[in-house]
Amino acid sequence: MGFLDKLFNAKNNALIDALKDLTGKEQAAQQSAPQPQPQQAPAAQPVYTEDEPSPSGWSWGEKMPDEDNQYNFSGTYDQYFDSVLRDAFPEYEITFEETGRQGRYGYIALPGKKITFRKDGATALIIELISEKSSKKKLREDCKAAGIPYLRYYYDYHGWWNTRSYVVERTRKALNL
């Protein structure tokens, strides 16, 4: 006689009854417990064609805007910001300074730029151009402690274009213009 035959023969009816009793109690407890609400399926994402722009913000989105931006500029990201800022704010003395430390085997901290706006000898604004992978906060904290306005632009954030109008308008607001 096999194992299952022994398990389910008449001598083991007590075991089967006990199992039925246990599962009956579990089912009753499950039925009296609040039932989770069925989750709604996520809304289908719209499909966009090349002729139809994807939704985007002022300076972000999957499709490059027609406006001048750091990615359709014919130079590096720092040359782009230099061009835009000097053109839009000629009344300020604007200096660029390298950030990130170069070590023997490459950068110890991610490279970036510190841009300082001065007018009449006073610092009016500091802008930091950094990688999205950077977690640096020291310059921002130093500016806050000194009461100097601070902005941060990421030069490698996917889908973020840093369009000319965005950079100028955001910088203008930081300068209270």
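Since every read-out is calculated from the coordinates, none of them should be taken as a lab result. Everything numeric in this text was worked out from a predicted model, so none of it was measured. Here the Cβ positions follow ideal geometry from the backbone for every residue, glycine too, while neighbour counts run over all protein chains shown.
Loop-located chymotrypsin sites (Phe, Trp or Tyr not before Pro) in the range 75-177 (DSSP state other than H, G, I, E, B) with a sparse environment of at most 15 neighbouring Cβ atoms within 10 Å: Y105, Y157.
The 3J(HN,Hα) values that the Karplus relation (6.51, -1.76, 1.60; θ = phi - 60°) gives for the range 144-152 are, in residue order, 4, 5, 8, x, 9, x, 9, 10, 9 Hz. Gly and Pro appear as x. Remark: the range 160-177, residue by residue, has Karplus-estimated 3J(HN,Hα) of 9, 9, 6, 4, 4, 5, 5, 4, 5, 5, 5, 5, 4, 5, 5, 8, 6, 9 Hz, where x stands for each Gly or Pro and the curve is 6.51 cos²θ - 1.76 cosθ + 1.60 at θ = phi - 60°.
Ranked highest first by the average count of other Cβ atoms within 10 Å around their residues, in what order do 131-138, 167-174, 84-91 fall? Mind showing how you got there, number by number?
Details: 131-138: 12.0, 167-174: 16.5, 84-91: 14.6.
Final packing ranking: 167-174, 84-91, 131-138.
For K136, no residue whose modelled amide H falls within less than 5 Å of its own remains once neighbours fewer than 5 places apart on the same chain are excluded.
Efficiency by 1/(1 + (r/R0)^6): what FRET value for R140 and E62, r their Cβ-Cβ distance, R0 = 22 Å, to the nearest 0.05?
Numbers: r = 29 Å, r/R0 = 1.30.
In this case the efficiency is close to 0.15.
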